[in-house]
Structures are given as structure tokens and as C-alpha cells.
Amino acid sequence: MDAERIATGFSSPLYVCAPPGDTSRLFVAEQHGLIKIINLPSRTVNSTPFLDISFEVGQGQGTGIRGMTFDPNYATNGHFYVSYATDTGGFWNRGVSHIARFTVSADPNFTDPSTEVTVITTDQPAGGFNWNWLGFSPRSGDDGNLYICSGDGGNVCDFGVGHAPGGNGQSTQTLLGKILRIHIEDDGTYTIPPNNPFYGSQTDKQEIFTLGLRNPFRASFDPRNGNMFISDVGGV
């Protein structure tokens with residue numbers, strides 16, 4: 001099978017996806033803050049970005065837009081979600097990871113960044129291994145649940161400032177180094193699915209679905225059986 005070039009002119013494209021049922025467009029998320037649209041029939045890229053949040057996302061190597069996904073009901077509510085990290089801010093002033101909801105305008109090819117609603121954030125102790133891929137589960141009984149791939153915060157061997165004893169990946173007191181699962185409500189807030197491992201806990205982070213990870217960068221659900229596969233691409 002040969003590779004075929006569809007479009008060019010991108011800068012650090014990190015993710016490609018499309019709304020459910022939309023077969024005529026591809027949405028390309030560039031790391032440093034732009035989401036662009038490829039029109040597949042003409043193989044052209046819109047001159048105006050679908051979304052521009054370059055003014056607030058990090059411009060470093062490990063920050064910026066890390067992933068995006070469309071709401072399963074995007075055709076009716078116009079919501080989509082972006083995972084991004086800043087360069088500064090937070091407790092250690094090394095950046096903050098965000099999951100944010102945006103809403104498309106009356107123009108289906110443009111989103112006003114002022115529609116942003118913050119869903120959940122976490123402070124990062126280093127400039128890498130931030131929150132990455134995110135996606136809604138297609139599994140029966142898992143409707144409306146959003147999965148978030150969370151790096152452990154960086155540094156060597158999950159150790160150092162901002163890392164729990166034994167590593168953030170193993171700690172149930174932090175959202176870093178995990179797969180998180182939350183249930184998105186209509187207003188952009190979230191609740192905890194009752195079958196999460198630490199649901200109802202007063203001490204452990206209830207958002208945790210899976211722990212013990214280094215930097216799960218990408219993930220996918222097998223459409224045949226619903227199994228979830230992750231690519232944990234962390235270093236030492």
C-alpha cells in the first residue's frame with residue numbers, strides 16, 4: 001500500500017480526527033495552538049483556522065495542544081474537547097494541563113475561543129509528560145464517559161520535585177501517570193462514574209481509572225470488542 005499526500009502546510013501537527021459521521025473533513029490539531037480543517041473532496045486547507053488558542057497554550061516542545069475529540073452528540077450540541085498544556089503557571093510554575101470544552105459557531109468551520117469551558121486541570125511539575133490523548137468510550141454502558149491519558153509529570157524515572165514517593169504513576173493522591181475517566185455533564189462539568197476504582201473515596205483521586213503509567217501519549221478503542229489500547233511512550 002502506498003502513502004498518498006492529501007494536504008500540506010502544517011506546523012507540528014499532532015492529532016487528526018473528525019466529527020462523528022463527517023466524511024468530508026479532517027481536523028488537524030497543531031501543537032502550538034491551531035486546529036485546521038482539510039476539505040477532503042478538494043484536498044484544500046481552510047485559510048481560517050477552525051480554532052486558534054495559540055495565545056494561551058504552551059509553545060515549548062512538550063506543551064501546547066496534545067489531543068482533541070468531538071462530543072458523540074456533536075451534530076446537535078456542537079461541543080468538542082481539547083487537551084492542552086501551558087508553559088507556565090500552576091504550583092511549580094512549570095505549566096498546567098487543561099481539558100477544555102469549546103462550542104462551534106453558526107459557521108461550521110469556525111469556533112470562537114471565548115466559548116471555552118474548563119472541565120478539569122492539573123498542575124505540572126515539569127514541562128513534559130502532560131495530559132495527552134482524550135476520547136469518549138464507544139462501549140455499551142460507558143456512554144458520556146471521557147477517558148484522559150495523563151503523563152506522570154516528567155523528570156527522570158518519575159522522581160524529583162512534584163513527584164510522590166515511589167512515583168506519581170503509583171500514587172493514588174495525584175492525577176498524573178494515569179488513565180482518567182470522568183462523566184461529562186451537559187454544562188461542561190463532570191461527575192465520577194460509579195464503577196471507577198476509587199469512586200466515593202475521601203483520600204484517593206476518584207477520577208483514576210488506571211494507574212502506574214509513565215506517559216500514555218495515544219490510545220484507541222477497538223471497534224470490534226471495545227478493548228482499549230494505549231501507547232505509553234515515556235522515557236526513563
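The values are calculated or read from the model by the stated rules, or taken from the named source; none is laboratory data. As the structure is a computational prediction, the values presented were derived from the model and not from experiment. Note that we place each Cβ from the backbone using ideal geometry, even for glycine, and neighbour counts take in every protein chain shown. Surface areas here come from the heavy atoms of the whole protein model, side chains and all, with no ligands, DNA or RNA. Shrake-Rupley method; radii C 1.70, N 1.55, O 1.52, S 1.80 Å.
Brief remarks on what is shown
- Panel note: the C-alpha atoms of region 18-89, placed on their principal axes, show extents of 39, 26, 17 Å (largest first).
- Unit Cα scatterers, Debye sum, region 30-139: log10 I(q)/I(0) for q = 0.21 Å⁻¹: -1.13
- Rg ratio (alpha-carbon, reference 2.2 N^0.38 Å) - region 125-236: 1.06
- Overall, the accessible surface of the chain at a probe of 1.4 angstrom is composed of carbon and sulfur to the extent of 53 percent.
- The calculated Kirkwood hydrodynamic radius for region 197-236 is 12.2 Å, given to one decimal from all distinct C-alpha pairs.
- ³J(HN,Hα), Karplus 6.51/-1.76/1.60, whole Hz, each residue of region 44-53, x for Gly, Pro: 10, 9, 4, 5, 9, x, 5, 8, 10, 10
- Based on the Stokes-Einstein relation at 4 °C and a viscosity of 1.567 mPa s, and on the Kirkwood radius from alpha carbon pairs, region 65-110 is assigned a translational diffusion coefficient of 109 µm²/s.
- For region 106-168, the convex hull spanned by the alpha carbon atoms encloses 157 Å³ per residue.
- Based on protein heavy atoms only, region 67-182 ends up with 37 Å² per residue of surface accessible to a 1.4 Å probe.
- Candidates ASP123, ASP22, ASP152: whichever shows maximal mean-square fluctuation once the chain is modelled as a Gaussian network with Cα springs under 10 Å: ASP22
- One quarter of the surface of the convex hull around the alpha-carbon atoms of the chain equals 13.9 nm², the direction-averaged projected area.
- Longest segment of the chain lacking trypsin sites (Lys or Arg not before Pro) that sit in a DSSP loop with at most 15 other Cβ atoms within 10 Å: 44-138
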